[in-house]
Every structure is written in C-alpha cells, then in structure tokens.
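Engineer: Pasting a structure below so you can have a look.
Only the coordinates and a few stated rules stand behind these numbers; no lab work does. Nothing here was measured: the structure is a model prediction, and the numbers come from that model. Counting neighbours? That spans all protein chains shown, and the Cβs are built from the backbone with ideal geometry, glycine included.
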Amino acid sequence: MTTQTVSRKTRAPLVSLSAALPWLIATLFLLVMPLVFTSNSALTIMNQMAITIVFALAYNMLLGQGGMLSFGHAVYMGMGGFMCVHVMNYVEDFSLPLPLPLLPVFGGLFGMGMALIVGSFSTRKAGTVFAMISLGVGELIAACSVIIVAFFGGEEGVSGDRTYGLPVFGVEFLHQIEVYYLTAFWLVLSALLMYLFSRTPIGRMANAVRDNPERAEFLGYSARWVRFYSFVASGFFAGIAGGLFAINYEILTEENLNLATSGSILLVTFLGGVGFFFGPIIGAIVFTLLQTVLSLQTEIWQLYLGLLFVATVMYFPGGLAGVLMMHTLPIRFGKAGLLVGPYFKTLLPALACIFGAVSLLEILFHFRHAALGDEEMTLFWVTFNSHSPLPMLIAAIATVAGFWLARRGAPELAEAWHEANTPNAPQGGAA
Amino acid sequence: MDLILVNLIDGLVTGLLLFMLSAGLTLIFSMMGVLNFAHASFYMLGAYFAYQISMVLGFWMGLLIAPVIVGVLGALVERYGLRRVHQYGHVPELIFTFGLALLIEEVVQFIWGKDQMPYSIPEVLNFTALSIAGNAIPAYKVFMIFTSVAIFIALLYVLTRTRVGMIIQAALSYPRTVEALGHNVPLVFMGVFGVGTALAGVAGVIAGPVLSTFPGMAVVLGSIVFVTIVIGGLGSLWGALVASLLIGWITTFAKAYNIRMEDILTGIGFEKPLEMSENVFRDLWTITSPQIADILPYLLMVLILVVRPYGLFGKRDA
Amino acid sequence: MHKSTKFGLGAVLALSLGAGAAMAENVKIAFIDPLSGPFASTGSNGLSQYEFAAEALVNAKGGVLDGQNFEIVPFDNKISPKESLIQLQVAIDQGIRYVVQGNSSGVAHALTDAIEKHNRRNPDDRVLYLNYAAVDPALTNDDCNFWHFRFDANADIKMDALTDVIKDTPEIKKVYIIGQDYSFGKAVAAAAVSMLGAKRPDIEIVGNELHPIGKVKDFTPYARKIVSSGADAVITGNWGSDMLNLGKSVVENGFTGPIYTYYAAGSGITAAFGESGKGVIRLISQGQINPPESDEAANYINAFEAKYPDGNIDQPRITNVIGMLAAAINEAGSATDVVAVGKALESMEYDDIFSGKVFMRPQDHQLIQDMYIGAHTDEGVTFDYDNSGYGIVVEHKVDMAGMDSPTTCKMKRP
C-alpha cells in the first residue's frame, strides 16, 4: 500500500525572507535616521519626505499602475488634511478621547469619500478625458476653497493643535521626534498596504487595463470598474498623506489643493520612476531634498528642477528607479565590472560639464540680477567677482571640455553596455 | 441696454483673445493627439519678446517679429523635443509639455526677473475709441478685436482654400497616406506646431499690455485655454471659437451683474437662516456671481465632459 | 543678491547635523518672506530695506550690547504658509531668536500660531515675531499672543484715519468699496461700512464688492460697475498686482474721482500709474516721505537709493522694527532672553525717523504711530518711487492714530 504523502515541508512560506528583507531594512533605516540627524529642522524635512512618499505612492497607483494621468490629485490629500484638522479642533473643543495616531484614518476615509464621488463620473474613460476632468475638478475645488470659508478657512486656512488628543503611552506629541516616529509608522504601514494592493487581483488587473483595456474586457473584467477601484484606493491613501500633513504642520491652506501641488506630485512620481513600486519613494526623497536644501543654496533651484525634469522625460523616461534597475541585468550576469571603466571615462567629464554649466548659470544670474555694487559671489566655496570675465571663462571651458570628453567616451560606454547586457555563452552547451 | 452692449464688447475681447490661444492648441491636438501644456508658455514668450523688441524698435515691429521668433522656437521644440518623446507614448508626451511649461517659466524669470514688465499700449492707440453711456471703450480693445478676427479669417482661408491647407487637413486625418503620396509629413507637423505656437505668440503680444507681462501670466491663462478647447471639442476650430466666445461672455456677464445666491435661494423657497455667523452653509448663502465668475468655465467643462465627452463640436474622441 | 547665497554641501551638512549653533558675535534676524514667485519684488525690496536699516541704524553705530551686530538672514517662503513653517524651523535650528515677516496675513496667521505653539512646547528656544506688514486686525485681537508685535497700523486703524479725511470732504456723497476676497479684504470692507456709517451717515455706499485674490487680471467688468454706479470715491485695500490692475482699469474706464488705497505705491505700481494716477490715487500709510520729515530722513533715503538704485523706501516702518528691537535688546541687557526683550519692547516709546513718536501698546502689541494720507503726484516730489518721477506727497496727517482703539486681546504673559 503506497500512500503518497504530500510533504508539507515543500510548500512555500507565505512571506519569503528575500521579499520581506527590503521592508525590514527600510524600517530599520527609518528608526535609526533621527539618531544621525538630530536637529529639528532635519526631522521636519524627513517628515516632509515621508508625507511626500505616501502621497507619491498613492499617486503612482493611478499613474504607474493604472495608466491614468491625473492633474488634480492634490484635492484628495488636501480634503483629507482639512478633515483631520477639523477633527483635531473637535477633539480640542469637546475633549473627545481620540488618540492622535488614529487621526490619519479619518483623512483616508474622507479622501476616499471624495474619490468615490469624483470617480463615479471621471473614470468612465481613461486617457485625455480623464486627465481633463481631473484638472477641471481640481481647479474647481481649489477655487471653491477660498469661497467656502466655513470648511476651508479662506486665505488663512484652518489650523489646529495636535497636542490635545488622548496621550499614547504618555506621549503628547509635543516634540518633533515623537511626530517623526508616528509619521514613520504610518509611512511603513501605508507603503506596505499599497504594495499588497498592487499584488491583489485588482492591482494586477489595473496593470492589465493600463496596457490593453480591450483585452482585459475579454477576460471578463470591466475596465471601468477596475479603474474606479484603483481611483478610490488611491484617494484613500492620498487622504492618509493629508492626515499626516495635518499632524505635522497643524495647518492646511488652499495651497494644499491647487494645481501647483498636483503638478509637483506628478513631477515627483515621474522623476522617481513610474514603472517600479519604489520609484516614487526615490523621487519623493530627491525632490524634498532639492526643494528644501537646494533652495537655501541658490535662487535658481527651480530652473535646475525644470531642466532635470525635462531631461528625465526626454532621456530617462523610466526615472531614477529605471536608471537604477537598468543595472540589475549586468549585475545578474556578473558583468557589472565591465561598466566601471567606461562610466569613469564618460560620467566624470559629464559631471564636470554639469558643474561648469551650473557655474555659468549662477554667474550669469548674479551678473544680471544682483543689486548694483554687489559684485562678489561665492560658488563652490570660492569667492570671486561675478563681473570679471575670468570666472565665466573658466566655467565655459569646463562646460565645453566636459561635454566634448563625455561625447568621446560615449561610444565606448555604449559598447560596454551591450557587452554587459549579453549573457555569457552557455557552458558546455549543445552545438 | 447700453450696459449690455458694453459687456458684449468686453466679453468679445476676452473671448477672441482666448480663441487665438485655443485655435493653435486645438490644431496641434488634432495633429498630434497631444495637449500642449506649454502652449500658454509660448503665449508668455510672445509677450516678453515683444516687450524686448518694442524697447528698441517699437510696438509694431514687436507685433511683427515676436510671433515669428516664437513660432520658430515652437518648431524647434517639436523637432528636437516632442518627436523624441513621441515614441514613449501619450502620457510621457503630456508630461514633457508639462515640464517644458515649467522650464520656460523658469527661463523667463532667469532672463527678465520676477517683476512685472512695463510693456504698455502704444501711444497711437492709447485713446478712447467710443463711449457708451459714460463707459469708455479703449481703442486698443477695438484693435484687439480686429486683429483676432483678421487672424481667424486668414486661418480659415489658409486651411480650406489653399493647397497647403488641404495637405494639412489631410495629414491631420490620414498621415500615413499623405506620406505615401510623397508629402513631407514630419515637415507639415513641424509647420503646424510652429504656426500654432506663433498664434499663441501673437496673443501674447497683444494681451501683454492689457493683462500684464509677468512670469505667472502663463499659469493664469493656461488652464482656461484647456477648458476652452475641451468644451469646444478637441480638434475643432469652430468649436474653439464658439467655446471661447461663450466663456468670454459668461465670465463678463457674471462679473457685471451681481446676481446673489441669496436671492436665488429665497426665490426657490428656502428660508434665509437668521444666525449667519455660525451656520455651516453661510458661505453658500453669501455667494455672488462675481465671486464664482472665474470658476464657471470649469463647472461647464466638467458638466460637458460627463454628458458629452466629445465636447460641443468634437469629432474625435479625446 | 544677499550674502548668504552659498553653493555647497558644507552648509547643508552643518545644518543637518545640528551644528548650526548661534554665533555669539551677531544677533541674527530671520526674514521670512517671498523671494521668488509673484510677490518676489515686494519681498526683495523689503529685504533690501532691512539690510540697509540694520547696517545704517545699528551696525554703523557700534551694534547692540557690547558690539554685537545685526545680521539679516533671508528665508524664501514663496508666500506659502507651509513653506514658512519649514523655514521657521530651519531658522530656529540655526539659533535665530527674532523673526520678521509681513507679506500676507495668511502666512502671518500661520506663523503666529506656530510660534506660539513652539514657545509653549520649547521654553528654552523661544522666538519673537515682529510683524511689519500683515494688517489683518485679528492678529492683535482674537489671535494675539505675547510673542507677536505689529509695527504697521492694522486695517481698522487705517480705515479710521481714512474715514476721518473722507468725513471732511463734503463733495463725496457716494462711495464704492472693492477688495480682495479674504480676511483682510473683508476686514477693510466691514470697517469702511461701519466707520462711514458713524461719521457720515449721509454717504451712500453704492457698491461693496469682493473679488478673488490674485486671480483677476482683467478688472474691466468691475471698473464698469464702479463707473456706472456714479460713485464719487473708491475705497480699496488691494495690494500687489491686484492693486495695479484694478487702478489702471478704473482710470482707463473713465473714473475721475479719488481712489483711497492702502498699498498703491512702490513695487512698480507707481511707475505703472504714472500720469494716469495723478490726482486720483490716494494712499494711507505710515512714514512721511514727501516732503521729507527731517534731514535725517532725507539723508537716510538718499543713502539707500545710492546703494539700491532700483529700490524704494516704501516701508519706512522697517527702520522702526530694527531700531526698536535694538533699543529693547539694549534695555533688556540680553539678546537671547526673548521674554525680557519682549517686555522691554512693549510699552516702548521710540523716535521714528519718518514721523514723530511711536508707542508699542502693551495690551495688544500694536504700534501706535502717526498716519499719513498722501496723493500720487509729480509735484513737490523730493523722493520718487520706481525712478518714475512720481511719488506720494502727504496731504493729511492723523496724530497717533488708533491710540484709543478697542481690542479684544486677552494676552497670556509668560
């Protein structure tokens, strides 16, 4: 009598270590960061990054996974945020026992509610119609916000105080570090949930609908409803981001709803890379750094941002994540070493070219717009007179030389790239 | 009665200006299937270039030369930017034009600074053409009307009566066939893009003195232009005209007559609440039509998109 | 361009590792206002006036206490409340104790709220907020706090002075009120209606209108309404491009009466009005520019315009902010104990270069000073704005305006 015993041991575990590892590392990283960067402003910047990450991930549910370009997504984050500030005020006025960590849930629910209403008519068609409706609705609500003072507080917005919530383990969230840990907790939770959503049938069908809606319909799924569910889920997480914003800044204004905010999240997501789940995370971190830190260093940081964005769209439509992931194949083939030499030869001059161009721009800007008599400027730790021709000459030479050298090294880099991406011939294979 | 006439003229000016912008945009859309987010930025460039030229050569030279420069720039953008991004799909194209709009705004600020430029109406037009019931109609507004109408007629003529126009119309619908017939379709596309942006440039040259020349001027008009062509129907020139005039008149009349929500609501039968300061709906009660005048186009657009996604005159599904 | 435009990672790293400790040599003052975007010109011009005032009034005279100089550290808030809060945090981390801001009452509300919360939660790190231009009355009434000091007369005080002038102008029988649709515009309108009603009940208010702020570019429909209403005078609190476009439109459409404004000068507005504004535009403000109040004032303006040929002294109260802060620090004997400095600042009497005595009211931290109503003209102009030949010449003066004005402020003192 032979009984076939199915070995229980060969069933794959629910969560493999390799899948969970990035999450564990990221969580560890978040826990450790405040010990390295201790100042309050660094914490504020990290909080801003976290909020932007959640928002960008929510936005990518639409753009990257659903193929839906929305120009009015700031509305869901903003509305969620406004709701949360009002809840904070109710808690303060009526002494309700609501612990602060639960607040983003309200934001998420309200954002979801808004998305339910708008999605009911906007998700019928994808593509340009969807984009235009999102633009129209976004502008409408942003404009209404200055008129409906009761909910939106007019020009000053609405402000609240987060310290009146029920204390959690004695923590009243007076200090920035406590807010950081709360924000980090919600970041990990939201990112995890959004990742899991993308693995569910709905999430996968969203990809299918993005690529070929007609074929998806043949499979039996309604493209319209798949889009709708994606939209609503995206609205929920955007609302959570809004709640986190409310906790952090304790004030929401019309600025949170307007076209500029919607536009910037599009920028962030695309810069990071829409094709990968972690793309928006990279985009959010880089963008926040550029916005807060770079703006302190130079007045024309928005020009650099614009140039970076256009260059990304034209030359790296996969975004920063795309650029990173391009290297997985060479690494897997073990040929990544082939790239190091050509990278040096091409990227180093390219870097020099960029520095030269940046210097040129800074000098020109200072020359053109500085107050009369203010001729001194400091660039890269060097102080010099912006009106003398020598610095401009040096910068111009650096730009041109760097560009020429990079051009020269480019074919070699292309060759190395091809080589690195080609698998080795199979060992001892059949002829 | 007189006031209605005055408001009709004002609305006409606004509408025709909007039309100059949306005509180019809708042409570009029907050709490439992509909405050019940077269209309003070319409008801004037109105003700035005209200002710069008018400092040296006078307003009329600016009117002549600036649109040409803007058109050439547009053609270059199409050739070296858009064509490259086209291969990645529609969404990257939209995002590219969006980034371009951002970039142009930054470059303008880099070159000219952030202040408003003193670009003013030429002296020769700076008088009151006619006066209706004490309301002055500036001669410059009359000039704006004539220019816009002249451009529309010229455009219509070129598109429907000349050989080039025939080729363009054919290329808009069946580019491959036209290419097979031996015409240089990419050149046609570049030309249409250039002409479209040149039209935006003309609008900028003319509107600059009236609507102020400053780096934010593209953002102000940008979204309204999209609303216009969506309402009119993507790809339709007549639709753009009708929608522009409609929006021009709606916004002007909404601002001119103080229609109050309070009156409408009490007229329907709602009771006005006594204690207004604590009422949740207090803002709704105090709305007047000038407050919402600028929002009405968006409302209209959302309604039309829900009811009729093709827009009023659209032939093509967006 | 300000000296702190540095390019490099050094400052960034120092910032993030919390190494930006306060330097003992300089008293740093954070200037949080827009330096980019639509209101950049107002912000940059304000910054120039601050830097000049710090240099001329404090540093050139030996600084405060035992030789410490004032250093103005600019932060660009891009007119956004959220950005202002981030920059506030950055400033606090750099050890800065004094914050000046003025453009936009919206930002002011966000800042005063945030500073009050910060000071409550971090008693070792307190900052003072010197508001030099945000004039929403609520900031010194319901939303007041000990740390906030306002150096410009609030909207109600200004309207009080303005309506005093209108009261004495019998030709004005019909008035049209128009403003920006937000707290400040609404406050101006409400004050105008109530004060005109009290002082000249015979005046008919033929229009009371609010328009979306910063959105309207073509004011023609509004101008038409004003003209057809038969108004003799217009009252508006508009500022920035809204003021410019409204004024131009109204004049263009045939209105010939006086337009009473709060902010129709400087930042390109005077140059844009030019001839068309002569005899029409009127301005209520503090600080007398034409004719110059004193030789000291004239010398100050000359020195400023020599250094900044494109700048205007259109916010003379900035000299008061710097001067009074220096005096308060000297009186308190410390630049870091902001409670002591605050207590020295309130109830302080000070000699303004551009007017007479000014007084910081302790009950609501509102500075009481002379108010001037001037006209936009090219006659009798010693100091013009925007190099246009046109400037504001004083026609009326109201002494210590608002001295007895009521306040609902219930201030909690430390």
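Engineer: Quick one: in the range A:83-181, what % of C-alpha pairs are over 24 Å apart? Write down the numbers at each step before the final one.
Structural biologist: On the way: 1957 of 4851 pairs.
That fraction is 40 percent.
Engineer: Next question, about the same structure. Sort A:297-306, A:224-233 by the packing proxy (mean of other Cβ within 10 Å over each peptide's residues), most packed first.
Structural biologist: Numbers: A:297-306: 20.1, A:224-233: 21.7.
In decreasing order of mean packing, A:297-306, A:224-233 become A:224-233, A:297-306.
Engineer: Is the shape of chain C best called rounded, prolate or oblate, per the rule: a/c under 1.5 gives rounded, else a/b larger than b/c gives prolate, else oblate, with a ≥ b ≥ c the square roots of the Cα gyration tensor eigenvalues? Can you show the working numbers first?
Structural biologist: Values: a/c = 1.70, a/b = 1.61, b/c = 1.06.
It comes out prolate by the Cα gyration axes.
Engineer: Additional query: State, to one decimal in nm², a quarter of the convex hull surface area for the C-alpha atoms of the range B:2-226, i.e. the direction-averaged projected area.
Structural biologist: Numbers: hull surface 53.4 nm².
Averaging across all directions leaves 13.3 nm² for the Cα convex hull.
Engineer: A further question on this structure: What does the helix-only formula give at 222 nm for the protein assembly as shown: each DSSP H stretch with n ≥ 4 adding -39500 (n - 2.57), the total divided by the residues, and the result rounded to the nearest 500 deg cm²/dmol?
Structural biologist: Values: 44 runs with 670 residues, N = 1163.
Value at 222 nm, helices only, nearest 500: -19000 deg cm²/dmol.
Engineer: Could you work out, residue by residue across C:306-318, how many beta carbons of other chains sit within 10 Å of that residue's beta carbon, and then give the average as an integer? Intermediate values should be presented prior to the final figure.
Structural biologist: Details: counts 2, 4, 4, 3, 3, 2, 0, 0, 0, 0, 0, 0, 0.
Mean number of neighbouring Cβ atoms from other chains: 1.
Engineer: Shifting gears a bit: Suppose a student asked you for the relative contact order of the range A:25-268, using Cα pairs under 8 Å spaced at least 6 residues apart; what percent would you report?
Structural biologist: Details: 405 pairs, mean separation 103.1, N = 244.
Relative contact order, the range A:25-268: 42 percent.
Engineer: Restricting everything to alpha-carbon atoms, can you work out Rg to Rh for chain A with a Kirkwood hydrodynamic radius?
Structural biologist: Working: Rg = 25.3 Å, Rh = 24.6 Å.
Dividing the radius of gyration by the Kirkwood radius yields 1.03.
Engineer: Rounded to the nearest 10 degrees, what's the angle between the helix C:183-199 long axis and the longest principal axis of chain C, both from Cα atoms, 0 to 90?
Structural biologist: Orientation of helix C:183-199: about 50 degrees from the principal axis.
Engineer: Return C:200, C:413 ranked ascending by Cβ neighbour count within 10 Å, so the fewest neighbours appear first.
Structural biologist: Working: C:200 18, C:413 10.
Least crowded to most crowded, the residues run C:413, C:200.
Engineer: Another question, then. Which order do the peptides A:72-80, A:325-333 come out in when sorted by mean C-beta neighbours inside 10 angstrom, highest first?
Structural biologist: Working: A:72-80: 30.7, A:325-333: 13.6.
Put in order of decreasing packing, that is A:72-80, A:325-333.
Engineer: Taking the range C:232-367 on its own, what percent of its Cα-Cα pair distances exceed 19 Å?
Structural biologist: Working: 5604 of 9180 pairs.
The answer is 61 percent, as a whole percent.
Engineer: Follow-up question, since we're still on this one. Amide H to amide H under 5 Å from residue C:28: which residues, 5+ apart in sequence or cross-chain, H placed 1.01 Å off N in plane?
Structural biologist: C:71, C:97
Engineer: Only Lys, Arg, Asp and Glu count, each charged at its Cβ (+1, +1, -1, -1), so figure out the dipole size of the range A:25-268 about its Cα centre, rounded to 20 debye.
Structural biologist: Numbers: 9 positive and 14 negative charges, 235 e Å.
Its charge dipole is roughly 1120 debye.
Engineer: Now for a separate question. On C-alpha positions alone, give me the angle between the axis of helix B:2-32 and the longest principal axis of chain B, in degrees, nearest 10.
Structural biologist: The answer is roughly 30 degrees.
Engineer: Starting with the fewest neighbours, write out A:387, C:148, A:418, A:369 ranked by other beta-carbon atoms found within 10 Å of each beta-carbon.
Structural biologist: Values: A:387 14, C:148 27, A:418 10, A:369 17.
Ranking A:387, C:148, A:418, A:369 by Cβ neighbours within 10 Å, fewest first, gives A:418, A:387, A:369, C:148.
Engineer: Using only the alpha-carbon atoms, what does the range C:27-94 span along each of its principal axes? Please give whole angstrom values in decreasing order.
Structural biologist: Projected onto its principal axes, the Cα set of the range C:27-94 covers 37, 27, 10 Å.
Engineer: Are there DSSP H segments in chain A that both extend 18 Å or more along their axis (alpha-carbon positions) and score a mean Kyte-Doolittle hydropathy of at least 1.0? List them, or say none.
Structural biologist: On the way: long enough: A:17-36 (27 Å, 2.20); A:40-63 (34 Å, 1.30); A:74-94 (30 Å, 0.80); A:103-122 (29 Å, 1.66); A:128-147 (29 Å, 1.98); A:176-199 (34 Å, 1.18); A:223-249 (38 Å, 0.93); A:259-272 (20 Å, 1.76); A:301-315 (21 Å, 1.47); A:337-369 (47 Å, 1.25); A:389-421 (46 Å, 0.45).
The qualifying helices are A:17-36, A:40-63, A:103-122, A:128-147, A:176-199, A:259-272, A:301-315, A:337-369.
Engineer: Cross-link partners among lysines for residue C:28, C-alpha distance below 23 Å, same-chain residues fewer than 8 apart left out?
Structural biologist: C:3, C:6, C:61, C:78, C:82, C:117, C:307, C:343
Engineer: Got the relative contact order for the range A:67-169 handy, in percent, Cα pairs under 8 Å and 6 or more residues apart?
Structural biologist: 46 percent
Engineer: Please rank B:90, B:39, fewest neighbouring Cβ atoms within 10 Å first, as an exposure proxy.
Structural biologist: Details: B:90 17, B:39 30.
Ascending number of Cβ neighbours within 10 Å: B:90, B:39.
Engineer: Could you please state, rounded to a whole Å, how far the C-alpha centre of the range A:42-100 is from the C-alpha centre of the range A:236-315?
Structural biologist: 14 Å
Engineer: A follow-up question, please. Just to check I understand the Karplus step: with θ = phi - 60° and J = 6.51 cos²θ - 1.76 cosθ + 1.60, what whole-Hz values come out for the range A:323-328, glycine and proline as x?
Structural biologist: 4, 5, 5, 4, 8, 5
Engineer: I'd like the mean, over residues of A:285-294, of how many other protein chain beta carbons sit within 10 Å of each residue's own Cβ.
Structural biologist: On the way: counts 0, 0, 0, 0, 1, 0, 3, 7, 6, 2.
Neighbouring Cβ atoms belonging to other protein chains average 2 per residue here.
Engineer: Can you list which of the chymotrypsin sites (Phe, Trp or Tyr not before Pro) found in the range B:77-145 are DSSP loop residues with at most 15 other C-beta atoms within 10 Å?
Structural biologist: Numbers: sites: B:80, B:88, B:96, B:98, B:110, B:112, B:119, B:127, B:140, B:143; in loops: B:88, B:119, B:127.
Sites meeting the loop and neighbour criteria: B:88, B:127.
Engineer: What's the center-to-center distance, using Cα atoms, between the range C:384-402 and the range B:212-287 in Å?
Structural biologist: One Cα centre to the other: 38 Å.
Engineer: Now for a separate question. Would you kindly enumerate the cysteines in the protein assembly as shown that have no other Cys beta-carbon under 4.7 Å from their beta-carbon?
Structural biologist: For the protein assembly as shown, the answer is A:84, A:144, A:353, because their Cβ atoms have no other cysteine Cβ under 4.7 Å.
Engineer: Apply the Debye scattering formula to the range B:22-107, with a single equal point scatterer on each alpha-carbon and no solvent, then give log10 I(q)/I(0) at q = 0.11, 0.12, 0.26, 0.27 Å⁻¹.
Structural biologist: Per q value, in the given order, log10 I(q)/I(0) is -0.33, -0.38, -1.29, -1.35.
Engineer: Taking chain B as the reference, fit the longest principal axis to its C-alpha atoms, fit the long axis of helix B:90-112 to the helix C-alpha atoms, and give the angle between the two in degrees, 0 to 90, nearest 10.
Structural biologist: Around 80 degrees separate the two axes.
Engineer: What number results when the radius of gyration of the range C:298-343, computed over Cα atoms, is divided by 2.2 N^0.38 Å? Intermediate values should be presented prior to the final figure.
Structural biologist: Numbers: Rg = 14.3 Å, N = 46, 2.2 N^0.38 = 9.4 Å.
Compared with the compact-globule rule of thumb, the range C:298-343 sits at 1.52.
Engineer: Tell me, what does the Kirkwood hydrodynamic radius of the range A:25-268 come to in angstroms if you use every pair of distinct C-alpha atoms? Walk me through the numbers on the way to the answer.
Structural biologist: On the way: mean 1/r = 0.0547 Å⁻¹.
Every distinct Cα pair counted, the radius reaches 18.3 Å.
Engineer: Further question on the same structure: Just in the range C:57-125: which chymotrypsin sites (Phe, Trp or Tyr not before Pro) are loop by DSSP and have at most 15 other Cβ atoms within 10 Å? Provide the component values of the computation, followed by the final result.
Structural biologist: Values: sites: C:70, C:75, C:98; in loops: none.
In loop regions of the range C:57-125 (DSSP not H, G, I, E or B), there are no sparsely surrounded chymotrypsin sites (Phe, Trp or Tyr not before Pro).
Engineer: Report, as an integer, the average count of C-beta atoms from other chains found within 10 Å of each Cβ along A:248-256.
Structural biologist: On the way: counts 3, 6, 5, 10, 2, 7, 4, 7, 3.
Mean partner-chain Cβ count within 10 Å for A:248-256: 5.
Engineer: Then there's this: Distance between Cα centroids, the range B:132-210 to the range B:289-312: provide it in whole Å.
Structural biologist: So the two Cα centres are separated by 25 Å.
Engineer: Quick one: which of B:217-225, A:130-138, B:61-69 comes out on top by average Cβ neighbours within 10 Å, and what's the full order, highest first? Please list the in-between numbers first.
Structural biologist: On the way: B:217-225: 22.3, A:130-138: 25.4, B:61-69: 19.0.
Averaged packing, sorted descending, gives the order A:130-138, B:217-225, B:61-69.
Engineer: Based on C-alpha coordinates, I'd like the Rg and Dmax of the protein assembly as shown, in Å.
Structural biologist: 30.6, 119
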